[in-house]
Amino acid sequence: MTALKAHEVARFLARPDLGEGIFLAYGPDGGLVRETAQRLIRHLSGDDPASANVTIFDGPELAADPSLLVLEARSVSLFGGKRIIRVRNATKALVMPLTQLRDDPSGTAIVLEADNLPPRDALRALVEAAKLGRALPCYPDSDETLTALMRETFNQAGIRIDTDVVPTLREILGNDREITRRELEKLTLYAAKSKALAREDVLLLCADNGALAIDAILDATGGGHAEKLELALNRAIAANINSQQLLVMLSNHFANLRRWRTEVDAGKAPRAVLDGLKPKPHFSRSGALEQQLRLWTDTSLATAGERLLQATADSRRRPHLAETLLRRTALALCMLAATH
């Protein structure tokens, strides 16, 4: 029985211990499932990928005629080369033909792509129990693996990135590997000549104005600019940015302000506090953040933090009111800043 853990998949793909059999890539991250299958096929194709005989089926096609899979696996390649069968959208409807191939795949590698499968799923159980079978779980990337992927991509392309590029990308992108790869390819192509990337490049190419709207919300709330806050909130909601996520970001922002304000109260100039941060805030926000550090006291920041935490908790209990709670709380803090 061979059931790999999610963290073991990358090591397996670098050096697969089988050249034939049934390989099942499955999980909720469709992009990572496809990427896993592609990487495995490239490795199984050997030193001459062009000579490999790769046949692609769709799961429903084989479900209608399961015998096609067995016939294809048993047939002799006319031009030689490694025989690989790739099946997209595989389901338990393939269990019967795969049972015939489980112990004797005739040198063929069968690479299956499937959605998230529970442990008792018949297809997953068959592959995990097979001597010539490997199940490869593909779950959403963690912050650590996505950060490593980003840095590795830019390093391989010889692109120098500013310190706030990766944190900005993490704020913008979700955990889908395919989307992340696509955005990284876009950025790599953009910086192919300059060999340099800055935060404004990421916002221009990847943010769809979402990150810009978030920064505007944070700074308008903390700076007491009601009209700017209204515009930024409308932009963020129109961009489908989650209201609960925005409340959390506001909580983090005011927690940061309070931490920085401690240094100001100890005698450090606001600009000096900001200059000493790592990573340093983008220069376009320096003036706004400096103003906020001058406006807010430790006591008022503590009150703001408590209010945001309460609003966040209320939004989780009543999700349908999340946007209302966001707008009400942000405006109240904005007006408080305006009175300082």
Out of the helices (runs of 4 or more DSSP H) lying entirely within region 198-294, which hold 2 or more residues that are modelled with pLDDT under 90?
199-206, 210-223, 226-238
For the subset of region 20-41 comprising residues that are modelled with pLDDT of 90 or more and assigned to a loop (DSSP other than H, G, I, E, B), which member is surrounded by the most Cβ atoms within 10 Å (Cβ to Cβ)?
G27
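For (1) in contact (Cβ under 8 Å) with a residue 24 or more places away in the chain; (2) out of contact with any Asp or Glu (no Cβ under 7 Å at 6 or more places or on another chain); (3) under 30 Å from D201 (Cβ atoms); (4) among the hydrophobic types (A, V, I, L, M, F, W, C), each residue gets a yes or a no:
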{"position": "L274", "(1), (2), (3), (4)": "no, no, yes, yes"}
{"position": "Q292", "(1), (2), (3), (4)": "yes, yes, yes, no"}
{"position": "L301", "(1), (2), (3), (4)": "yes, yes, no, yes"}
{"position": "E306", "(1), (2), (3), (4)": "no, yes, no, no"}
{"position": "Q310", "(1), (2), (3), (4)": "no, yes, no, no"}
{"position": "R317", "(1), (2), (3), (4)": "no, yes, no, no"}
{"position": "H320", "(1), (2), (3), (4)": "no, yes, no, no"}
{"position": "L325", "(1), (2), (3), (4)": "yes, no, no, yes"}
Within region 77-85, is there a residue that is buried (at least 17 other Cβ atoms within 10 Å of the Cβ) and in contact with a Gly (Cβ under 7 Å, 6 or more places away or on another chain)?
yes
Would you check if there is a residue in region 56-77 being modelled with pLDDT under 90, within 32 Å of the chain's Cα centre (by Cα) and closer than 30 Å to L173 by Cβ?
yes
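I'm checking my understanding of the structure. Among residues of region 262-280 that are of a type in the set (D, E) and surrounded by 11 or more Cβ atoms within 10 Å (Cβ to Cβ), which one is nearest to the chain's Cα centre (by Cα)?
Checking each candidate, the answer is D275.
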Which count do you get for residues in region 89-98 that are under 30 Å from the mean Cα position of the chain (by Cα) and more than 12 Å from I110 (Cβ to Cβ)?
3
Check whether at least one residue in region 170-177 is assigned by TED's automatic domain parsing to the domain that holds L333, in contact (Cβ under 8 Å) with a residue 40 or more places away in the chain and assigned to a helix (DSSP H, G or I), and report yes or no.
no
Would you be able to say whether some residue in region 128-149 is without any contact (Cβ under 8 Å) to a residue 60 or more places away in the chain, in contact with a Ser or Thr (Cβ under 6 Å, 6 or more places away or on another chain) and surrounded by 19 or more Cβ atoms within 10 Å (Cβ to Cβ)?
no
Residue list for region 306-333, filter: touching a Phe, Trp or Tyr at 6+ places or on another chain (Cβ under 9 Å) and exposed (fewer than 13 other Cβ atoms within 10 Å of the Cβ):
none
Pair list, Cβ < 6 Å and 6+ apart or interchain, from region 3-32 residues that are more than 17 Å from T108 (Cα to Cα) and touching a residue at least 40 places away in the same chain (Cβ under 8 Å) to residues that are of a type outside the set (A, V, I, L, M, F, W, C) and in a strand (DSSP E or B):
A6/P137; G27/P137
For L44, all conditions in the list (1) over 15 Å from P137 (Cβ atoms); (2) in contact with a helix residue (DSSP H, G or I) (Cβ under 9 Å, 6 or more places away or on another chain); (3) buried (at least 17 other Cβ atoms within 10 Å of the Cβ) hold save one; what is the number of the exception?
(2)
Test result for A304, part of a helix (DSSP H, G or I), at pLDDT 95 or above and of a type in the set (A, V, I, L, M, F, W, C):
yes
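The values are calculated or read from the model by the stated rules, or taken from the named source; none is laboratory data. All values reported here derive from a predicted model rather than from experimental measurement. Reconstructed Cβ throughout: ideal geometry from the backbone, glycine too, with neighbour counts over all protein chains shown.
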